[in-house]
Amino acid sequence: MEPNIKLRVSQIEKSFPGVKALNKIDFSVRKGTVHALCGENGAGKSTLMKIINGIYKPDTGQIFIDEKPVKILNPIHARSYGIAMIAQELNYVPEMSIEENLFLGRLPVTKYGKVDWKLLRKKTIEFLSAEGLPYKPDQKLKTLTVSDIQMLEIIKAINNKAEIIVMDEPTSAITQREVDILFKKIEVLKSQGVSIVYISHKLDEVFQIADDITIFRDGTVVESHRASDLDMDKVIALMVGRKIENVYPKEEIKLGDKLLEIKDLCSTGVFKNINFHVSKGEIIGFAGLVGAGRTEVMRAIFGLDPITSGHIMKDGQKVEIKSVKDSIKNKMVMLTEDRRRYGIIPIRSVMENASISILEKIIYGGYAHEREERKIVGEYFSKMNVKTPSLETPIQSLSGGNQQKVLLAKWMLRNPDILILDEPTRGIDVGAKFEIYKLMSEMAKQNRAVIMVSSELPELIGMCDRIYVMNQGKITGELQKSEFCQESIMKYATSTI
Ligand SMILES: Nc1ncnc2c1ncn2[C@@H]1O[C@H](COP(=O)(O)OP(=O)(O)OP(=O)(O)O)[C@@H](O)[C@H]1O
Ligand SMILES: [Mg+2]
């Protein structure tokens, strides 16, 4: 056995109703190293990490820390073993303040056993200023963006003096600048002997920081190697068990008339003079740094947020969009970036999460026609390769990528003309990404239009016909396909005009 093993699991098994999530897992992490876990959506990565963090109990198997067998009962117990975890699906109470969130489970108390709010405030201020974070301690979490919340989670876990830190998709919602901050912190942690388990679908990140890589497939460990003995193609092949030829299935489509035109859209304090269009058969992209205003513009167009002035034209006609209902009536749909907050109805079944968009088709004459519902939804799921034990499974127990496919199916069931996708591939594996890209291409081929907001430049460049770049609530640049390059996008993304 290798010396310096900090964490080891042996023959771990875990089943959920209808799925064997983990099958005889052997896996170990060396002290002071970064060990990456790669695998498609639903491969079992998060399940194993939740077992290590005491959220789930394994059916069988053993966990060893410093080669001593341990039983981990719950996350607080895990912390006593020096384990901290940045969860994949950010778990927070929107109504809670930053200070409460930061010190959750370890709020300082006075000698009378009450929460010491003064000390809490002081500690929070110290913490925030040490990290250079511009938030107020009593700010509610619901006022922050996903990327702010993710950054807070990261910093919270890192500052916990943990010996093992599990990071489950830590960079899914943050920008390159913040990724760089995180990676610097990881280097420091490593040098202090901290072990890190790093889960990510972004393989370039994995190769940037991992010492070891373990590949999961369908609940088993396929292979485990030093990162230097692997390369990206090998990892992808091991993950999916097949080769993916062309990552971006973009086709040349002859563009038709303008389908959607946005004219001088303004929302005081949020965005200003937004002008853009998308034609039939076209895929356009929106690039920019987090906070540039891209999501806000899309939300306004989709009728979620009010606008101050400007208007929206569809097929050359002015349309009034004051609510999501108006938007759907105009055959425009939007996939949200914050799946957990706005997308899924966690405890309802995958079927209901999809069929909610077509209730009028399945509820009529005073009855819900379940057989039809099953048929329509089932067909779409198999077309999109949604992996679920059954149509009755609550959506919250699906892996992230499969939840995303269900939400996409929900909107595709409405047969939209315009599909707005806000960070559609966040936290999604290569196989599922490819299926989403294929669907975008399909839409374009049928003379419909796609608008994709993304922070991943390679996918914008790979899939779009044109890219708009935003910064500080304004469109600062527009690039034609022949002009696409990461540098010019970044230049516009930071320019002020
Ligand atoms: N609480 C649960 N109840 C039922 N099934 C579950 C539960 N949690 C996970 N599963 C199932 O276990 C399998 C493994 O899921 P897991 O979340 O570990 O995958 P993952 O590798 O983390 O995927 P992703 O990359 O999408 O995050 C999936 O089939 C998932 O649907
Ligand atoms: Mg996961």
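The values are calculated or read from the model by the stated rules, or taken from the named source; none is laboratory data. None of the values given here were measured: they were computed from a predicted structure. Glycine gets a Cβ as well: all are built from the backbone with ideal geometry, and neighbour counts include every protein chain shown.
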Restricting attention to segment 100-127, and to residues there that are at pLDDT below 90 and in contact with an Asp or Glu (Cβ under 7 Å, 6 or more places away or on another chain), which single residue is farthest from ASP168 (Cα to Cα)?
THR110
Residue check, ARG121 against (1) without any contact (Cβ under 8 Å) to a residue 60 or more places away in the chain; (2) in contact with a Lys or Arg (Cβ under 6 Å, 6 or more places away or on another chain), all met but one. Which one?
(2)
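Could you please give the count of residues in segment 115-163 that are among the β-branched types (Val, Ile, Thr) and either within 22 Å of SER191 (Cβ to Cβ) or in contact with a His (Cβ under 6 Å, 6 or more places away or on another chain) (or both)? First the steps, then the outcome.
Let us first name the residues in segment 115-163 that are among the β-branched types (Val, Ile, Thr), namely 115, 124-125, 143, 145-146, 149, 154-155, 158.
Adding the requirement that they be either within 22 Å of SER191 (Cβ to Cβ) or in contact with a His (Cβ under 6 Å, 6 or more places away or on another chain) (or both) leaves 154-155, 158.
The qualifying residues number 3.
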Considering residues that are free of Cβ contacts under 8 Å to residues at least 24 places away in the same chain, part of a helix (DSSP H, G or I) and within 19 Å of LYS31 (Cα to Cα), the number found within segment 205-240 is 1
Filter pass, ILE262 being assigned to a strand (DSSP E or B) and either touching a Leu at 6+ places or on another chain (Cβ under 7 Å) or under 30 Å from ARG177 (Cα atoms) (or both)
no
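Here are MET351, MET384: which of them is away from ligand 2 (no atom under 16 Å from the Cβ) and closer than 30 Å to PHE286 by Cα? Write out each step before concluding.
Numbers: MET351 fails: closer than 30 Å to PHE286 by Cα.
Answer to the check: MET384.
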Please verify whether segment 170-185 includes one or more residues that are modelled with pLDDT of 85 or more, within 14 Å of ligand 1 (Cβ to nearest atom) and touching a strand residue (DSSP E or B) at 6+ places or on another chain (Cβ under 9 Å).
yes
Can you name the condition, by its number, that VAL278 falls short on among (1) touching a Cys at 6+ places or on another chain (Cβ under 9 Å); (2) at pLDDT 95 or above?
(1)
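Yes/no per residue for (1) touching a residue at least 40 places away in the same chain (Cβ under 8 Å); (2) aliphatic (A, V, I, L, M); (3) out of contact with any strand residue (DSSP E or B) (no Cβ under 9 Å at 6 or more places or on another chain); (4) closer than 22 Å to LYS142 by Cβ:
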| site | (1), (2), (3), (4) |
| --- | --- |
| ALA300 | no, yes, no, yes |
| VAL350 | yes, yes, no, no |
| ILE362 | no, yes, no, no |
| GLN396 | yes, no, yes, yes |
Please give the helices (runs of 4 or more DSSP H) falling wholly within segment 314-379 in which 1 or more residues are of a type in the set (Lys, Arg) and over 16 Å from LYS405 (Cβ atoms).
324-329, 359-362
Can you tell me how many residues within segment 93-133 are closer than 23 Å to ARG177 by Cβ and surrounded by 12 or more Cβ atoms within 10 Å (Cβ to Cβ)?
7
Just checking, does segment 383-391 include any residue being modelled with pLDDT under 90, more than 13 Å from ligand 1 (Cβ to nearest atom) and either over 28 Å from ALA173 (Cα atoms) or in a helix (DSSP H, G or I) (or both)?
yes
Just to be sure I understand, how many residues within segment 51-105 are within 23 Å of TRP117 (Cα to Cα) and among the aromatic types (Phe, Trp, Tyr)?
2
Within 16 Å of ligand 2 (Cβ to nearest atom) and within 20 Å of the chain's Cα centre (by Cα): is that true of GLU178 in this structure?
no
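Which residues, taken from segment 277-295, are within 30 Å of GLN150 (Cβ to Cβ) and either surrounded by fewer than 18 Cβ atoms within 10 Å (Cβ to Cβ) or basic (Lys, Arg) (or both)? Spell out how you get there, then give the answer.
Pass one, segment 277-295, residues within 30 Å of GLN150 (Cβ to Cβ): 278, 283-295.
Answer for segment 277-295, where residues must be within 30 Å of GLN150 (Cβ to Cβ) and either surrounded by fewer than 18 Cβ atoms within 10 Å (Cβ to Cβ) or basic (Lys, Arg) (or both): GLY291, ARG294.
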Those residues of segment 471-489 which are part of a helix (DSSP H, G or I), in contact (Cβ under 8 Å) with a residue 24 or more places away in the chain and either over 26 Å from LYS280 (Cα atoms) or of a type outside the set (A, V, I, L, M) (or both), in sequence order:
GLN486
